[in-house]
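The values are calculated or read from the model by the stated rules, or taken from the named source; none is laboratory data. As the structure is a prediction and not an experimental result, all values here were calculated from the model. Neighbour counts are summed over all protein chains in view; Cβ atoms, including those assigned to glycine, are modelled from backbone coordinates with ideal geometry. The accessibility values were calculated without ligands, DNA or RNA, using every heavy atom of the protein model including side chains. Shrake-Rupley method; radii C 1.70, N 1.55, O 1.52, S 1.80 Å.
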Amino acid sequence: MAPRTRAIAGVALMALLLVLYFVLAGVRAVALLASGTPIAVAMGAALLVLPLIGAWALGRELLFGWRSTALVDRLEAEGGLPDDLGEAGPTGKPDREAADAAFPRYRAEAEASPEDWRAWLRLGIVYNACGDRPRARSAIRTAISLSRNDMRGESPTN
């Protein structure tokens, strides 16, 4: 199975299990709310809020994954993916040392072109290859935002 297919299957399985949890927690919450006892009603309300927050977070993560994958596919079709990250290992991850060595180039590119979603996406990919997931996600979010402006024909300051 290809790494991308395996990742999509894993996300689908986890999302399905999380939705199942939301349903079971929701059923328990409704039962507690129906009991009429003040403590049980409070617990039921709390138990109902948590799955709602979880559903919002799941939706946000799925949307991020969908948008970032679409941008990576678009950049790949343009031939713009980073090509100096070394050979991918058996897990599909690029060589960390090569990514660390290439990082300054991509950071400088994003700093030089702060309105270019492609530069930010490449920076996010390299951050991820370097093992810095929070900064990778932040750079990719910036790329998503800039690409949406780019598709609407807006400047980043609008």
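Couple of notes before you dig in:
- The requirement of being part of a helix (DSSP H, G or I), over 14 Å from VAL72 (Cβ atoms), out of contact with any Phe, Trp or Tyr (no Cβ under 6 Å at 6 or more places or on another chain) and without any contact (Cβ under 8 Å) to a residue 60 or more places away in the chain is satisfied by ARG105.
- Of all residues in region 78-99 being more than 21 Å from the chain's Cα centre (by Cα) and at pLDDT 90 or above, the one that is surrounded by the most Cβ atoms within 10 Å (Cβ to Cβ): GLU78
- Whichever residue in region 66-77 is among the aliphatic types (A, V, I, L, M) and under 17 Å from ALA110 (Cβ atoms) and, among such residues, is most open to solvent (accessible area, probe 1.4 Å): VAL72
- Sole residue being in a loop (DSSP other than H, G, I, E, B) and farther than 30 Å from PHE22 by Cα, chosen from GLU97, GLU111, GLU87, GLU76: GLU87
- In region 115-136, the residues that are over 13 Å from LEU75 (Cα atoms), surrounded by 16 or more Cβ atoms within 10 Å (Cβ to Cβ) and in contact (Cβ under 8 Å) with a residue 24 or more places away in the chain: VAL126, TYR127, ALA129, CYS130
- Total residues in region 19-40 satisfying the condition of being open to solvent by less than 60 Å² (accessible area, probe 1.4 Å) and touching a residue at least 24 places away in the same chain (Cβ under 8 Å): the figure is 3.
- Number of residues in region 137-154 that are of a type in the set (Gly, Ala, Ser) and free of Cβ contacts under 8 Å to residues at least 40 places away in the same chain: the value is 4.
- ALA7 hydrophobic (A, V, I, L, M, F, W, C), at pLDDT 90 or above and closer than 29 Å to THR91 by Cα: no
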